[in-house]
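Notes follow once the structure below has been shown.
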Protein chains: 2
Amino acid sequence: MQRDRIKKVLAQGRAGSQHVVCGWVRTKRETKGPAFVVINDGSCQDNLQLVVEPDTAAAALLPRIGTGAALRASGALRPSQGKGQQWDFVVADLEVYGEADPAAYPLQKKGHTLEFLREIGHLRPRTNTFGAVLRVRNALALAVHEFFQGRGFVWAHTPILTGSDAEGAGQLFQVTTLDLLAVPRAADGGVDYERDFFGRRAYLTVSGQLEAEFLALALGDVYTFGPTFRAENSNTARHLSEFWMIEPEMAFADLRDDMTLAEDFVRHLCRTVVERCEPELAFLARQYAETALPVAEIARLADARFAHCTYTEAVAELERASGGGRRFEYPVAWGRDLQSEHERFLTDEVFHGPVIVTDYPRQIKAFYMRSNDDGRTVAAMDVLVPRIGEIIGGSQREERLDRLEQRMSELGIPCEGFQWYLDLRRFGSAPHCGFGLGFERVVQYLTGMQNIRDVIPCPRAPREIGI
Amino acid sequence: MQRDRIKKVLAQGRAGSQHVVCGWVRTKRETKGPAFVVINDGSCQDNLQLVVEPDTAAAALLPRIGTGAALRASGALRPSQGKGQQWDFVVADLEVYGEADPAAYPLQKKGHTLEFLREIGHLRPRTNTFGAVLRVRNALALAVHEFFQGRGFVWAHTPILTGSDAEGAGQLFQVTTLDLLAVPRAADGGVDYERDFFGRRAYLTVSGQLEAEFLALALGDVYTFGPTFRAENSNTARHLSEFWMIEPEMAFADLRDDMTLAEDFVRHLCRTVVERCEPELAFLARQYAETALPVAEIARLADARFAHCTYTEAVAELERASGGGRRFEYPVAWGRDLQSEHERFLTDEVFHGPVIVTDYPRQIKAFYMRSNDDGRTVAAMDVLVPRIGEIIGGSQREERLDRLEQRMSELGIPCEGFQWYLDLRRFGSAPHCGFGLGFERVVQYLTGMQNIRDVIPCPRAPREIGI
């Protein structure tokens, strides 16, 4: 008989239905009559309570069964007389796959801090919290594909290894096969990269956008969804050295299309978790009541209309507030980037919901963003959501060859290495736009996890490369 | 008016229906009457033929329109009188977004070799061949998620950066932020990794399997689908330094479950491309008739039953053939690994279809595979398909702590760094299994591309790190 997942047993089982289930023991309670062994198999938030009647072959195995043991049980469902669960599972036959010595197994019934659980990354997915987070993460990851594929976008596998230090978006990891104890020197005293694996210096990507552009300017609409890297030496609860990023790119589209896509995308992600992860979200909202978004608030976001305002209007709002006595840690002035506190002020106190800020000063934005006619701003947009601020950054790209070359020259970006990128403006150029969204930020936002290390199976950060 | 993709216009349009379309010019033909401008927007294999009537505003733009130019046209569908297409699109209004100087644009109407196209990787997605390959690739990528998600598997984002040189599966790329011109030395004369980003040596992953195991032993069923790296210094048409790999891992499952999953998976991929990519497959089969799989053969594979045989039986077959005069380049003997020629002999000449070979000698397989009771073989399986041989390699994992420790000690694998992996056998161990499939190999197989560089947007190989 095939095993059934507990999720399926609980959803489709009926009184007397026979199943084989497997899972890891969460708790065991022995009474004078039957013993109650609660197991979880990772398929859902709910556990299944096994009932082991006394004087059965299964009961003889009870001494080997403690928290963490792996079991296989065949038996049948019976409406539960106890509180807290609808069904009991009356065990006919039991097998212990693997025990877990209670003196050594780190995950006991009592709660553990998230900090402690980070030290046992290989076991923490067996907890309620990480089971919930990882299932929400999976539902969101699937929702990303469903959203874009449903709209005819092509998933573009842009490269991890790159020869370009492109955007200057933070520090880069270098990739090499050279022996670091015997780095070969070139005639000019520099490293002889001729002898490295790729015959030149190589890095880990910080963004797939530039490659996504050449794919969009051929296939129409594409999106990336893959690992991305930042070698910044800063340890915060919001940054990882390795994270997953989503970057759609659309040909024949302008900033307005970009805003519409971003808004629809955020709503779709919220709607999906509300529809598919209600038990997980409810658990997290209970367990982390102070930080987690209430499910009702996520549901509201799924139907929210996003406000729009320009950067210039946003700065005027902030200056007005500042003038009225509102204190900000960072000064507000046209030409300076908005800080998180400013963004949260806009979402939480001005617009009371998500807002898309557009048309930022060109000097604080990347070289590839399209110049507006005012000569001071670019066709950029940031999506800000309540509580955390920026969640998406995007722009229409500069599709005019002369403007792009001029901007690169102003910023001292050498054209060599970018000829292919300029080619996209030389040959069949077209308006196009896109945005980027850090996947872990969204998981963090929707699960209420305060530390980004708790929303990815194997977090990477400075001096952190555990399991 | 919103632009419609050409795919939608051709599928849903009717005589007289009005649309806005955009795309890149494939060909232009001027006659005494109307001009015919054929465009493609990447949404499908088919082009759309624009009809530009003489003496219109649109006709005045014709001198600016050559192969490669990007256009926007509004107009209406009309049944075509010409051969080769069902519809004409009669242009009412035309805009040229970007021209393409015919003296400079590398993609002219005449065909180009795949080798030449590799040199203009940023433009080759605009060709029929690469449009087809990338759409098939996308359909397969989506099919991967649909297959596993439909069965309740969780997409596991295992890390790219790893501190372990684990499997010894080929050479590793090292990742560092050290200045290679001033590598710090430790007291023992080695590199002082204390001063590197992670405080220790770091690599790019060669497999997510070990991490997938800890996730499966908590969530039940998981799969990885992400970039993977091999620093092998060999230039072949079948190897990339960066490729995408799929690695499912199932708890509470044995080798038989693994075989069933692999078989269903391969069939699902074949079925999906036949159902969703018929125009692309038909184009490739026409264009690369000598190497591409006929669509009918892919359809047969989608319904094929996979033969099963043990390694020992396979070797007996090969030895029998050898004894009967069949020549192999590599010798056949029990204990040696099967070569591609042997695998293809089994699929093409013995079983006349796909076959799963099981129970390989332990000495040619990885340390984590489960020992069979015969003491000589392990619970491994390889899926072989006609024409190319191995496409999937998998195994049941050794879940018994003592056996695993013994095997690691035999092979001289130090236990430090693997304690977490051994913990999975100490605490709630359970039978589990999984397999790995190189995504590009499958795309190559189903598109008929002879060189693996032609099935990924930005191929990476020794001395190759272009766009």
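The values are calculated or read from the model by the stated rules, or taken from the named source; none is laboratory data. Treat the numbers as computed from the prediction; the structure is a model and nothing was measured. Heads up, the Cβs are rebuilt from the backbone with ideal geometry, glycines too, and the neighbour counts pull from every protein chain shown.
Would you confirm whether any residue within segment A:370-384 is touching a His at 6+ places or on another chain (Cβ under 8 Å) and among the β-branched types (Val, Ile, Thr)? Explain how you work it out, then say what you get.
Let us first name the residues in segment A:370-384 that are touching a His at 6+ places or on another chain (Cβ under 8 Å), namely none.
No - not one qualifying residue is present in segment A:370-384.
Has segment B:194-205 got at least one residue that is under 22 Å from the mean Cα position of the chain (by Cα) and either in contact (Cβ under 8 Å) with a residue 12 or more places away in the chain or more than 9 Å from chain A (Cβ to nearest Cβ) (or both)? Checked against the condition, which is being under 22 Å from the mean Cα position of the chain (by Cα) and either in contact (Cβ under 8 Å) with a residue 12 or more places away in the chain or more than 9 Å from chain A (Cβ to nearest Cβ) (or both), segment B:194-205 yields at least one hit. The number of residues in segment A:1-12 that are within 11 Å of chain B (Cβ to nearest Cβ) and loosely packed, with under 10 Cβ neighbours inside 10 Å comes to 1. Considering only residues that are within 14 Å of chain A (Cβ to nearest Cβ), modelled with pLDDT under 95 and closer than 14 Å to B:TYR368 by Cα, which ones fall in segment B:402-418? Result: B:PHE418, single match. Selection within segment B:281-314: residues that are β-branched (Val, Ile, Thr) and touching a helix residue (DSSP H, G or I) at 6+ places or on another chain (Cβ under 7 Å). The member of this set that is surrounded by the fewest Cβ atoms within 10 Å (Cβ to Cβ) is B:VAL295.
One residue is enough: does segment A:315-337 have a residue meeting the conditions in contact (Cβ under 8 Å) with a residue 40 or more places away in the chain and buried (at least 18 other Cβ atoms within 10 Å of the Cβ)? No, segment A:315-337 has no match at all. When the criteria are applied in full, B:PHE197 meets the requirement of being among the aromatic types (Phe, Trp, Tyr), out of contact with any helix residue (DSSP H, G or I) (no Cβ under 8 Å at 6 or more places or on another chain) and not assigned by TED's automatic domain parsing to the domain that holds B:ALA380. Filtering B:GLU247, B:GLU232 for residues that are within 18 Å of the chain's Cα centre (by Cα), of a type in the set (Asp, Glu) and in the same structural domain as B:ARG441 (by TED's automatic domain parsing) leaves a single hit, B:GLU247. Do you know which of the residues in segment B:85-121 that are of a type in the set (Gly, Ala, Ser) and out of contact with any strand residue (DSSP E or B) (no Cβ under 8 Å at 6 or more places or on another chain) is surrounded by the fewest Cβ atoms within 10 Å (Cβ to Cβ)? So the residue we want is B:ALA103. In segment B:419-467, the qualifying residues are those that are among the basic types (Lys, Arg) and closer than 30 Å to A:ASN40 by Cα, and the one that is surrounded by the fewest Cβ atoms within 10 Å (Cβ to Cβ) is B:ARG426. Just one of the numbered conditions (1) within 9 Å of chain B (Cβ to nearest Cβ); (2) closer than 30 Å to A:GLY394 by Cβ; (3) outside any loop (DSSP other than H, G, I, E, B); (4) within 19 Å of the chain's Cα centre (by Cα) is not true of A:THR158: (3). Selection over segment A:270-280 of residues that are assigned to a helix (DSSP H, G or I), touching a residue at least 24 places away in the same chain (Cβ under 8 Å) and either surrounded by 23 or more Cβ atoms within 10 Å (Cβ to Cβ) or among the charged types (D, E, K, R) (or both) gives a count of 5.
From the list A:GLY152, A:GLY82, the one residue that fits, being under 33 Å from the mean Cα position of the chain (by Cα) and surrounded by fewer than 19 Cβ atoms within 10 Å (Cβ to Cβ), is A:GLY152.
Which members of segment A:73-92 meet the condition of being of a type in the set (Gly, Ala, Ser) and assigned to a strand (DSSP E or B)? Scanning segment A:73-92 gives A:ALA73, A:SER74, A:GLY75, A:ALA76, A:ALA92.
Being within 12 Å of chain A (Cβ to nearest Cβ), closer than 18 Å to B:MET381 by Cα and surrounded by 21 or more Cβ atoms within 10 Å (Cβ to Cβ) is the requirement here; does B:ALA251 meet it? Judged against the criteria, B:ALA251 is a match.
The residue of segment B:439-465 that is farthest from the other protein chains (Cβ to nearest Cβ), among those that are outside any helix (DSSP H, G or I) and among the charged types (D, E, K, R), is B:GLU464.
For the structure I just gave you, tell me whether B:HIS145 is crowded, with 19+ Cβ neighbours inside 10 Å, closer than 21 Å to A:GLU211 by Cβ, at pLDDT 95 or above and not basic (Lys, Arg). Against the criterion (crowded, with 19+ Cβ neighbours inside 10 Å, closer than 21 Å to A:GLU211 by Cβ, at pLDDT 95 or above and not basic (Lys, Arg)), B:HIS145 does not qualify.
Within segment A:38-47, take every residue that is within 13 Å of another protein chain (Cβ to nearest Cβ) and free of Cβ contacts under 8 Å to residues at least 60 places away in the same chain and give me the one that is surrounded by the most Cβ atoms within 10 Å (Cβ to Cβ).
Going through the qualifying residues, I end up with A:ASP41.
Within segment A:13-34, the residues that satisfy the criterion of being more than 10 Å from chain B (Cβ to nearest Cβ), modelled with pLDDT of 95 or more and either over 26 Å from A:LYS110 (Cα atoms) or surrounded by 21 or more Cβ atoms within 10 Å (Cβ to Cβ) (or both) are A:ARG14, A:ALA15, A:GLY16, A:SER17, A:GLN18, A:HIS19. Just one of the listed residues (A:LEU114, A:LEU180, A:LEU142, A:LEU172) is under 22 Å from the mean Cα position of the chain (by Cα) and within 7 Å of another protein chain (Cβ to nearest Cβ), and it is A:LEU142.
Using the structure shown, decide if B:ASP254 is acidic (Asp, Glu), touching a Pro at 6+ places or on another chain (Cβ under 8 Å) and within 22 Å of B:ILE392 (Cβ to Cβ). When the stated conditions are applied, B:ASP254 passes them. For A:ALA186, the conditions (1) more than 7 Å from chain B (Cβ to nearest Cβ); (2) farther than 29 Å from B:ASP454 by Cα; (3) crowded, with 18+ Cβ neighbours inside 10 Å all hold with the exception of (3). If you go through segment B:389-411 and keep only what is polar (S, T, N, Q) and surrounded by fewer than 16 Cβ atoms within 10 Å (Cβ to Cβ), you end up with B:GLN406, B:SER409. The set of residues from segment B:419-438 being touching a Ser or Thr at 6+ places or on another chain (Cβ under 8 Å) and facing chain A (nearest Cβ under 8 Å) is empty.
Could you please let me know if B:PHE243 is at pLDDT 95 or above, closer than 20 Å to B:CYS433 by Cα, crowded, with 20+ Cβ neighbours inside 10 Å and not β-branched (Val, Ile, Thr)?
So B:PHE243 does not fit the description; no.
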